[in-house]
Amino acid sequence: MPGGYVGVDVFFVISGYLITNILISDIEASRYSLMEFYKRRALRILPALFAVVAFTLLMSSFLLLPAEQRELGASIVATSSFLSNFYFWSVSDYFSAPAESAPLLHTWSLAVEEQFYIFFPILLLFLSKYSKKHIPHTIALLSLASFTLCLFLTKLHQETAFYLLPTRAWELGIGATLAIWAYKKPTAKRSSFALSAAGLALILTPVFLLEKNSEFPGWNALYPTVGTALLIGWANGTTVGRFLSTPPMIWIGKISYSFYLWHWPLIVFWRLEFGHDLSGLEAIFLFSLSIVLA
C-alpha cells in the first residue's frame, strides 16, 4: 500500500501501551527491576533480530558487490547496537533509491524504540517515587513537546524528523499515556463503537492516501497514532474489537514482529536478483514466505 509505512506509527503506540502496562504493574507490585526489564526486552527482541541479520549477511555474499557489503557491514553494526536510525539518517533519505536497497533499513524503528526504553523506565520509576499523581500529566506534556518538535522539523528537515527519537517519542508517549490514564476512564457503549470505528478509519485511510512524497511524519503521523489509541482504549466489546480478536488476527499479531523483520530483506534481495519491482504474484509469494519464516 502506498502509505503502508504508517504501520510503524501504529507499532510505536502499541509498544508504548504494552510496555507501560508492564512497568506500572511491576511498580505497583513492588517487583520493579531495570535489569529484569532489559532482560525481558533482550529475550523478546534479539533472537529473531539476530536470525534475520545472519540471513542478511549470508545472502549479501551472493548478491552484493564489495562496496555494498561494506555498507551492509556498517548497518549491521548499527543495527546490533540499536543505532541504525542514526546510521540511515546520516547516509540516506528513507524513500530514496539507495535507501530502498538497504536490507536492514527497517531496523531504524527498532532503534528508536529501544532508545526510548533506555530513558522511559528510569523516568517512570523516578516519577512513581516522587510525583506519582503527576505521572500521566508529565508523560502527556513530554509527548506534546516531542510532537511540537516533530511538526517543526518535518518542515525544516524531514529526514531528521523521520529517523530520530526526539521527534518520534510522542508516538510511544501516546500509548504510555493511555496505559497510565485514559483507558481507565469509563466510556459509554454507544460511544465506544463510534470511537473504535473512527480509530480503524484513522489507521486505514492514510495507508491508501499517503505516498512516499507525502509530508511525514508531521501532522500525517497523528492520524494513525490517534487511531491506534482509540482502538486500544475503546474497541473492547465492540464489533471492531471482536473482529480484531478473531483467532487469525491474533495469530498474525503474535508473529508480527518477526514478520516485520523478515519482509524487507526478502524484498530487497529479490529486487537485486531480478532487477525489477515486485509483480503482484511476487509480492504474494514474498508475503507468504515472510509469514513462514516469521
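Matching residues to (1) modelled with pLDDT under 95; (2) under 18 Å from the mean Cα position of the chain (by Cα):
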| position | (1), (2) |
| --- | --- |
| Leu222 | no, yes |
| Gly227 | no, yes |
| Gly233 | yes, no |
| Thr246 | no, no |
Apart from one, (1) of a type in the set (Val, Ile, Thr); (2) modelled with pLDDT under 95; (3) open to solvent by less than 10 Å² (accessible area, probe 1.4 Å) all hold for Thr167; the odd one out is (2)
Mind checking which residues of the stretch 221-251 are free of Cβ contacts under 8 Å to residues at least 24 places away in the same chain and either open to solvent by less than 50 Å² (accessible area, probe 1.4 Å) or of a type in the set (Val, Ile, Thr) (or both)? Thr246, Ile250
Report yes if Thr148 is open to solvent by 60 Å² or more (accessible area, probe 1.4 Å), at pLDDT 95 or above and out of contact with any strand residue (DSSP E or B) (no Cβ under 8 Å at 6 or more places or on another chain), otherwise no. yes
Tell me, which residue of the stretch 106-135 that is of a type in the set (Gly, Ala, Ser) and in a helix (DSSP H, G or I) is nearest to Glu171 (Cα to Cα)? Ser109
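Being open to solvent by less than 80 Å² (accessible area, probe 1.4 Å) and farther than 22 Å from Val8 by Cα is the filter here; which residues of the stretch 252-275 pass it?
Trp270, Arg271, Leu272, Gly275
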How many of the residues making up the stretch 8-20 are out of contact with any Gly (no Cβ under 6 Å at 6 or more places or on another chain), of a type outside the set (Ser, Thr, Tyr) and open to solvent by less than 40 Å² (accessible area, probe 1.4 Å)? 5
Looking only at the stretch 41-56, decide whether some residue is under 20 Å from His157 (Cβ atoms) and touching a Leu at 6+ places or on another chain (Cβ under 7 Å). no
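Yes/no matrix, rows are residues, columns are (1) in contact (Cβ under 8 Å) with a residue 24 or more places away in the chain; (2) farther than 30 Å from Leu34 by Cβ; (3) crowded, with 19+ Cβ neighbours inside 10 Å; (4) of a type outside the set (A, V, I, L, M, F, W, C):
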site: Arg70; (1), (2), (3), (4): no, yes, no, yes
site: Ile76; (1), (2), (3), (4): yes, no, yes, no
site: Phe82; (1), (2), (3), (4): yes, no, yes, no
site: Phe88; (1), (2), (3), (4): yes, no, yes, no
site: Leu127; (1), (2), (3), (4): no, no, yes, no
Hits in the stretch 93-116 (condition: free of Cβ contacts under 8 Å to residues at least 24 places away in the same chain and open to solvent by less than 20 Å² (accessible area, probe 1.4 Å)): Ala99
Looking at the stretch 21-66, which of the residues that are under 19 Å from Ser80 (Cβ atoms) and aromatic (Phe, Trp, Tyr) is surrounded by the fewest Cβ atoms within 10 Å (Cβ to Cβ)? Phe50
Breaking point among (1) open to solvent by less than 60 Å² (accessible area, probe 1.4 Å); (2) out of contact with any Asp or Glu (no Cβ under 9 Å at 6 or more places or on another chain); (3) free of Cβ contacts under 8 Å to residues at least 40 places away in the same chain; (4) among the hydrophobic types (A, V, I, L, M, F, W, C), for Ile139: (3)
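The values are calculated or read from the model by the stated rules, or taken from the named source; none is laboratory data. Here the structure is a predicted model, which means the values were calculated and not measured. Heads up, the Cβs are rebuilt from the backbone with ideal geometry, glycines too, and the neighbour counts pull from every protein chain shown. Remember, those area values only see protein heavy atoms, side chains included, never the ligands or the DNA or RNA. Shrake-Rupley method; radii C 1.70, N 1.55, O 1.52, S 1.80 Å.
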